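Here is the structure we will look at, set down as structure tokens.
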Amino acid sequence: MKKKILYAAAVLAALLFIWLGNEGSKPLVLKGTDLNQTAGVSDYTGLIAIDETAAYYGMFAYTDDYVLDKGTYTIRPEYSNTSSDNIIEVWDNGTKVAQWSLESTDGVKTTRDYTFTLDKTSQQLHIRIYYQGKGSLIVNNISLIPHGAFYRDAWFLAAVVILLAITGVFLASYEKKHPSGREQKVTFLILAGLCLYSSMPLFIQAFAQADDVCYHLLRIEGLKDGMLDGQFPVVIFPEALAGNGYLNSMYPYLFLYIPAVLRLLGVSLALSYKTLIFIANIATVAITFRVFKSITRSKYACILGTALYILMPYRFTNIYARGALGETLALTFLPLIIAGFYHVLLGDKKKWPWLVIGFTGVIESHVLSTATMGVIFAVCCLIFIRELFCDKRWLELLKAAGLTVLLNLWFLVPFLFFYLKENLYQKALDWSGFSEYSINASFLADTFHTNDYRFLSLGLPILGCAAICILKLVCEKSKEKNCKRDSFLTYLFGCACVLTFLVTGYFGSKTLKELIPAIEPVLRTIQFPWRLLAPAGILFIFAGVIWLSESEVLRPYRNLVFAFLVGVNLLTCLNQPYNQNNFAYKDYDDTTTVGHQDKIIGIPKSDATVIYPYEWRIDALMDDKLTADLQLSDAEKVIVQDYEKKGTKGKLTYQTSEEGQYVDFPIQKYLGYTAEDENGTPLEVTYGNNYRVRVMLNGDGASHTVFVRYRQPVIFRISQVISLLTLLGCIAVPGYFVINRRKRSPAVVAAGAGKKKDGTH
């Protein structure tokens, strides 16, 4: 009874802690010095000031960009002003939302409230203050106040706590009926500890602005906006690129629906992103441990392999420094691919579905990782072709390949469709800096790297696994029963060595590219050589850990080696993610005044008007001409009676007596946009100025309406139906056999016979 009371008290305490820490409804208060100042002076109290002596006219200060849900907000500046000409404005994604004059206060400090309403979620909202060159203006602080809440993180966290509490009750009940051994409990605690340790940087208040994080935040917001627009799957991000839309189908995005749905529920963008990373860490630990357990009976190897992989320095770099979300998610599934091939070739061939899950996870995470693992194991099949044809194992491989393709058609078909048929800007992906970014071989052992926020090295623990492989191959012969498995592990070790060599400057030298010109296109696709560190690392870990658990030479030193490998990894990962230069707000003294700014931090923009994405736009698109305005061929000859644009949909009611007139909607003309008139008659859609959707108008002088919308091509819908039916089949068929097997089990049959004998059925 005491345990139950303590358990309930702990849950209530956690809920109380979450509620007391709820900042979602609190105003965002920014000191003057927290603003981006373009002119004037500031002092230690936090105020900023400007007067006529500055000889300045224009934008005086502005806030960072914020992500705000639709709703009503109040801006409350605390200021003193001797002129009524100064202005405060609200801008969203390059468009002015509201404007007010800052009332004169005759030099007396005061506050004023200015209220505005957003009819849709903002991804780039900021506040500007303009000084008109007269009098003096002093800004002490600015408060942004929601009429409701900025976000509902506390409710989400409370729901998670309650769910965990209920899960704990069920686990306790199960444990009481089916007690587990001490070894199982210790293993569970170790794995849980690895999940928490690898996720510690997620629990700090500051939000790390890693290299590519802004792009992935945009994708999450784009998915949310796309679902609100009625798309599923989401092909076009309707609010990106100043509301002109941005193509989504060129990068895998299945797992991004998790944070996108959280955004729909009102969770902040920062917490939504962190939740996905936390789930990825848990999944990586669970999958890696299960994979090692299927290959070796050594619990020692299972724990060591899981620890080394989840704490691999380059994996931490991907998460907390590079912001390489696709690679991070792909790393979750790489162990399944390795184990799946092992079992199909040499082990339990009934585990071929692991290949399906593994490759599906990687395909839906990162295309380049898919290609890398595909090449590695295509060569593997050629080497082990004799084993492949033994016991018809090739049938399992064929089933895995076919099922993987069918499950992922919904992504592959749009990807290939746009890649082959759309005229897309790809210069950003045509990277020629492979040689310049190659890693010197001496740096591969770098373990306690502090000079850069990116840890681009294998580190001593991974190289220790490589050393174990060399020791095994040189000093120990394979036992007869492990001969085939050792051959497979030898192949993994060899592939890891080749990948490591490709990372170094030796391979990336210009001399080598001149000798083998065909290499250049491949290098341009890979872009950065350090991307090969991830597959190299896991291959070294797999081979090294399994051989370490069986090594006779290292048996007396096994515990020491274990402690060294894990200990060094723990220390490396403890230091690496916390480089303060990588956080949006480095001055922790200011967090008390900035408050929860990190929760609503906006998506950084590349210039004054355009949000970050630039890789998959329509070719020759000009940023300076990218606006959210409707453009007419001749405003004097076309009368606009009504105009509305929501997401990927546009509606224009007009009247013109001139033939040859047209309208350019503020929508990028990706393949799939259609137009029709009020009678449902299809209208021709062409490329307008700056690749907008252009529709020719009817010049009969009557009033007409044009409807523009995005419709997914039929081939997209067919591929989605095939993938959905395949998924349902993958769930239904095993479920049928499980239920049927339970009905035929001896215990069930015996129970049924007993009931018949007693006449109780």
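Out of the stretch 143-186, which residues are of a type in the set (Gly, Ala, Ser) and either in contact with a His (Cβ under 6 Å, 6 or more places away or on another chain) or in contact (Cβ under 8 Å) with a residue 60 or more places away in the chain (or both)? Across the stretch 143-186, the qualifying residues are Ser143, Gly148, Ala149, Ala154, Ala158, Ala165, Gly168.
Matching residues to (1) outside any loop (DSSP other than H, G, I, E, B); (2) over 30 Å from Gly266 (Cβ atoms); (3) in contact with a strand residue (DSSP E or B) (Cβ under 9 Å, 6 or more places away or on another chain):
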position: Ala39; (1), (2), (3): no, yes, yes
position: Thr74; (1), (2), (3): yes, no, yes
position: Ser80; (1), (2), (3): yes, yes, yes
position: Ser83; (1), (2), (3): no, yes, yes
position: Val97; (1), (2), (3): yes, no, yes
position: Glu103; (1), (2), (3): no, yes, yes
position: Thr117; (1), (2), (3): yes, no, yes
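Arg128: touching a residue at least 40 places away in the same chain (Cβ under 8 Å) and within 29 Å of Thr275 (Cβ to Cβ), yes or no? So Arg128 fails the test. Just wondering, is there one or more residues in the stretch 111-120 that are free of Cβ contacts under 8 Å to residues at least 12 places away in the same chain and under 30 Å from Glu239 (Cα atoms)? So far as the stretch 111-120 goes, no, none of its residues is free of Cβ contacts under 8 Å to residues at least 12 places away in the same chain and under 30 Å from Glu239 (Cα atoms).
Give the residues of the stretch 1-37 that are under 15 Å from Thr63 (Cα atoms) and in a helix (DSSP H, G or I), sorted by residue number. Those that are under 15 Å from Thr63 (Cα atoms) and in a helix (DSSP H, G or I): Gly32, Thr33, Asp34. If you go through the stretch 297-327 and keep only what is touching an Asp or Glu at 6+ places or on another chain (Cβ under 8 Å), part of a loop (DSSP other than H, G, I, E, B) and surrounded by fewer than 21 Cβ atoms within 10 Å (Cβ to Cβ), you end up with just Ser298. Among the residues of the stretch 353-405, those that are of a type outside the set (Val, Ile, Thr), under 24 Å from Pro529 (Cβ atoms) and surrounded by fewer than 19 Cβ atoms within 10 Å (Cβ to Cβ) comprise Leu368, Ala371, Gly374, Ala378. Taken together, the criteria exclude Phe60 from residues that are within 38 Å of the chain's Cα centre (by Cα), outside any loop (DSSP other than H, G, I, E, B), closer than 30 Å to Glu221 by Cβ and free of Cβ contacts under 8 Å to residues at least 24 places away in the same chain. Inclusion of Asn679 among residues that are polar (S, T, N, Q), surrounded by fewer than 16 Cβ atoms within 10 Å (Cβ to Cβ) and not in a strand (DSSP E or B) is warranted. Scanning the stretch 85-95 for residues that are buried (at least 20 other Cβ atoms within 10 Å of the Cβ), over 33 Å from the mean Cα position of the chain (by Cα) and not in a loop (DSSP other than H, G, I, E, B) yields a single hit, Ile88.
Each row is one residue, and each column tells you yes or no for (1) of a type outside the set (D, E, K, R); (2) touching a strand residue (DSSP E or B) at 6+ places or on another chain (Cβ under 8 Å); (3) in a loop (DSSP other than H, G, I, E, B); (4) in the same structural domain as Asp65 (by TED's automatic domain parsing).
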| site | (1), (2), (3), (4) |
| --- | --- |
| Lys185 | no, no, no, no |
| Ile190 | yes, no, no, no |
| Gly193 | yes, no, no, no |
| Ser199 | yes, no, no, no |
| Leu202 | yes, no, no, no |
| Leu218 | yes, yes, no, no |
| Glu221 | no, yes, no, no |
| Gly226 | yes, yes, no, no |
| Gly230 | yes, no, yes, no |
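Against the conditions (1) touching a residue at least 40 places away in the same chain (Cβ under 8 Å); (2) surrounded by fewer than 21 Cβ atoms within 10 Å (Cβ to Cβ), Ile279 satisfies every one except (1).
Take Phe418 and tell me if it is assigned to a helix (DSSP H, G or I) and touching a strand residue (DSSP E or B) at 6+ places or on another chain (Cβ under 9 Å). Considered against the rule, which asks whether it is assigned to a helix (DSSP H, G or I) and touching a strand residue (DSSP E or B) at 6+ places or on another chain (Cβ under 9 Å), Phe418 comes out as yes. Among the residues of the stretch 338-362, those identified as under 13 Å from Ser294 (Cα atoms), in a helix (DSSP H, G or I) and among the aliphatic types (A, V, I, L, M) are Ile338, Ala339, Val344.
Taking Gly672, is it surrounded by 16 or more Cβ atoms within 10 Å (Cβ to Cβ) and either at pLDDT 90 or above or closer than 30 Å to Leu407 by Cα (or both)? For Gly672, the condition - surrounded by 16 or more Cβ atoms within 10 Å (Cβ to Cβ) and either at pLDDT 90 or above or closer than 30 Å to Leu407 by Cα (or both) - is met. Among the residues of the stretch 363-385, those that are within 23 Å of the chain's Cα centre (by Cα) and assigned to a helix (DSSP H, G or I) comprise Ile363, Val367, Leu368, Ser369, Thr370, Ala371, Thr372, Met373, Gly374. Suppose the filter is under 12 Å from the mean Cα position of the chain (by Cα), surrounded by fewer than 24 Cβ atoms within 10 Å (Cβ to Cβ) and among the charged types (D, E, K, R); does Lys293 pass it? Answer is no for this residue.
Across the stretch 694-743, the qualifying residues are those that are aliphatic (A, V, I, L, M), within 30 Å of Val663 (Cβ to Cβ) and out of contact with any His (no Cβ under 8 Å at 6 or more places or on another chain), and the one among them that is surrounded by the most Cβ atoms within 10 Å (Cβ to Cβ) is Val695.
Residue check: is Ile162 under 30 Å from Leu12 (Cα atoms), in contact with a helix residue (DSSP H, G or I) (Cβ under 8 Å, 6 or more places away or on another chain), modelled with pLDDT of 90 or more and not acidic (Asp, Glu)? Taking the combined requirement at face value, the residue satisfies it.
So is Ile220 within 25 Å of Ala283 (Cβ to Cβ) and surrounded by fewer than 21 Cβ atoms within 10 Å (Cβ to Cβ) or not?
no
Answer yes or no as to whether Ile145 is β-branched (Val, Ile, Thr) and touching a Phe, Trp or Tyr at 6+ places or on another chain (Cβ under 7 Å). Criteria met by Ile145. Among the residues of the stretch 119-134, the ones that are under 29 Å from Val41 (Cβ atoms), assigned to a loop (DSSP other than H, G, I, E, B) and either within 23 Å of the chain's Cα centre (by Cα) or modelled with pLDDT of 90 or more (or both) come to 1 in all.
The values are calculated or read from the model by the stated rules, or taken from the named source; none is laboratory data. Small disclaimer: the values here were computed from a predicted structure and weren't measured. Quick reminder, even Gly has a Cβ in these numbers, built from the backbone with ideal geometry, and neighbours come from all protein chains shown.
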